[in-house]
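Participant: Pasting in a structure now, in structure tokens, and then I'll have a few things to ask.
The values are calculated or read from the model by the stated rules, or taken from the named source; none is laboratory data. Note that the structure is predicted; figures quoted are calculated from it, not measured. Because the Cβ atoms are built from the backbone with ideal geometry, glycine has one as well, and the counts that use them run over all protein chains shown. These accessible areas exclude ligands, DNA and RNA; they are computed on the full protein's heavy atoms, side chains included. Shrake-Rupley method; radii C 1.70, N 1.55, O 1.52, S 1.80 Å.
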Amino acid sequence: MDFKENINKNKLPKHIAIIMDGNGRWAKQRGKERIFGHENGIKAVRETVEAAGELGIPNLTFYAFSTENWCRPKMEVDTLMSLLVQAIKNETPELLEKGVKLAAIGDIDSLPQDCIKELNEAIETTKNNTRLKVTVALSYSSQWEILNAVKNIASQVKENKLNPEDINKQLFQKHLQTNGTPDPDLLIRTSGELRISNFLLWQIAYSELYFTPVLWPDFRKKHFYQAVLDYQRRERRFGKT
Ligand code: IPE
Ligand code: IPE
Ligand code: MG
């Protein structure tokens with residue numbers, strides 16, 4: 001079956017968020033170190049970005065490194081960070097050519113200096129692109145993001161710039177790092193784990209969830225198309241009848 005041909009171009013999700021999971025297990029299955037899995041996950045990111053661009057999906061968010069991932073062995077964290085720097089360096093020309101605008105959410109200041117520099121350069125270089133916005137979540141956790149929003153709102157109240165009665169959904173959303181990007185219509189998690197792991201908790205209130213056993217380094221365009229097709233078969237009710 002040609003999954004791509006069956007996708008309804010008039011019913012595309014406007015935002016797909018992805019929890020890229022299973023790199024370590026993929027490597028282990030091959031008798032290699034976990035980092036081998038991370039290295040091989042880059043192709044899956046490339047394929048996903050291409051597939052989204054070809055379909056005309058305007059927003060993608062990748063969960064690349066969580067706040068909790070800092071607790072992994074230093075060796076793995078260090079290698080992941082240098083992989084990230086390399087990947088941004090290598091992929092930026094391609095992103096530029098394909099009309100991709102890069103963005104980042106998370107505690108970016110907590111990343112290594114070279115990582116921050118590479119990331120900021122790539123964000124600056126691609127800032128005028130409009131075809132597809134790719135957001136990378138780095139040192140990100142949803143609880144961290146929500147707490148920051150609460151702190152900002154609380155200090156505005158304290159400074160008499162904001163009335164507590166005026167705190168509503170719209171205002172709260174403005175204080176999240178995802179401000180300006182529509183909430184995900186579809187959330188994909190690879191590797192068979194059935195959990196959210198502190199990702200976009202507020203934003204996925206009404207997202208469709210799609211779990212696949214495919215390990216992230218094996219994720220290809222056809223898997224992405226399958227997820228979109230599955231999404232299009234669902235009836236979204238948003239609490240109505
Ligand atoms: C996802 O793969 C990548 C990151 C979380 C950085 P994992 O490294 O979590 O791989 P598994 O889940 O242990 O197989
Ligand atoms: C979630 O994967 C974080 C990222 C994909 C970056 P984890 O592998 O860290 O999540 P858990 O530990 O299985 O919940
Ligand atoms: Mg994992």
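Participant: Using only the Cα atoms, what convex hull volume per residue in Å³ does segment 124-241 have?
Facilitator: Details: hull volume 19.9 nm³, N = 118.
Spelled out: Cα convex hull of segment 124-241, divided by residues, is 168 Å³.
Participant: While we're looking at this one, here's another question. Between beta-carbons, use under 14 Å as the cut-off and find the net charge around Arg234, counting Lys and Arg +1, Asp and Glu -1.
Facilitator: Combined, the nearby Lys, Arg, Asp and Glu give 0.
Participant: Another question, if that's okay. In percent, how large is the relative contact order of the chain, given Cα pairs closer than 8 Å and 6 or more residues apart?
Facilitator: Over the chain, the number comes to 30 percent.
Participant: Would you mind computing, in nm to one decimal, how far apart the modelled labels at Gln29 and Gln113 are, each placed 7 Å from Cα along Cα→Cβ?
Facilitator: Those two pseudo-labels are separated by 4.1 nm.
Participant: Moving on to the next point. Which one, Thr130, Thr178, Thr61, has the greatest fluctuation when you compute a Gaussian network model over the chain with C-alpha springs under 10 angstrom?
Facilitator: Comparing Thr130, Thr178, Thr61 in the GNM, the peak value goes to Thr130.
Participant: Points 7 angstrom from Cα along the Cβ direction at Glu159 and Gln173: gap in nanometres?
Facilitator: 2.4 nm
Participant: Whole-Hz Karplus ³J(HN,Hα) for segment 2-17, in order, using 6.51 cos²θ - 1.76 cosθ + 1.60 and θ = phi - 60°, x for Gly and Pro?
Facilitator: Whole-Hz 3J(HN,Hα) from phi for segment 2-17: 8, 4, 4, 4, 8, 6, 7, 5, 8, 10, 7, x, 8, 8, 10, 10.
Participant: With no solvent and one equal point scatterer per Cα, compute the Debye intensity ratio I(q)/I(0) for the chain at 0.14, 0.18 Å⁻¹ and report its log10, rounded to two decimals.
Facilitator: Listed by q, the Debye log ratios stand at -0.97, -1.53.
Participant: Over segment 25-148, what number does the Rg to Rh ratio reach, with both radii from the alpha-carbon atoms and Rh per Kirkwood?
Facilitator: 0.97
Participant: Further, regarding this structure: How much net charge surrounds Ile167 when only the other residues with a Cβ under 15 Å from the Cβ of Ile167 are counted, with Lys and Arg +1 and Asp and Glu -1?
Facilitator: So the environment of Ile167 carries a net charge of +2.
Participant: Leaving out ligands, DNA and RNA, what percent of the accessible area of segment 1-143 is carbon and sulfur, probe 1.4 Å?
Facilitator: 51 percent
Participant: Moving to a separate point now. What's the Cα-based Rg to Rh of segment 1-82, Rh via Kirkwood?
Facilitator: Result: Rg/Rh = 1.07.
Participant: Net charge near Thr67: determine it from the other residues with C-beta under 15 Å of the C-beta of Thr67, scoring Lys and Arg +1 and Asp and Glu -1.
Facilitator: Every neighbour counted, the sum reads -3.
Participant: Same structure, new question: Using all C-alpha to C-alpha distances in segment 1-43, build P(r) with 5 Å bins and read off the rounded percent in each one.
Facilitator: Binned Cα distances yield the sequence 5, 19, 16, 11, 12, 15, 13, 7, 2.
Participant: What do you get for GluC sites (Glu not before Pro) in segment 79-168 restricted to DSSP loop and a cutoff of at most 15 other Cβ within 10 Å of the site's Cβ?
Facilitator: In loop regions of segment 79-168 (DSSP not H, G, I, E or B), the sparsely surrounded GluC sites (Glu not before Pro) are Glu159.
Participant: Could I ask something else about it? Counting only pairs 8 or more residues apart or on different chains, how many lysine pairs in segment 106-212 have their Cα atoms under 25 Å apart?
Facilitator: 12
Participant: Additional query: Please report the base-10 log of the normalised intensity I(q)/I(0) for segment 176-241, using a Debye sum with one equal scatterer per alpha carbon and no solvent, at each q in 0.15, 0.18, 0.26 (1/Å).
Facilitator: -0.55, -0.78, -1.24
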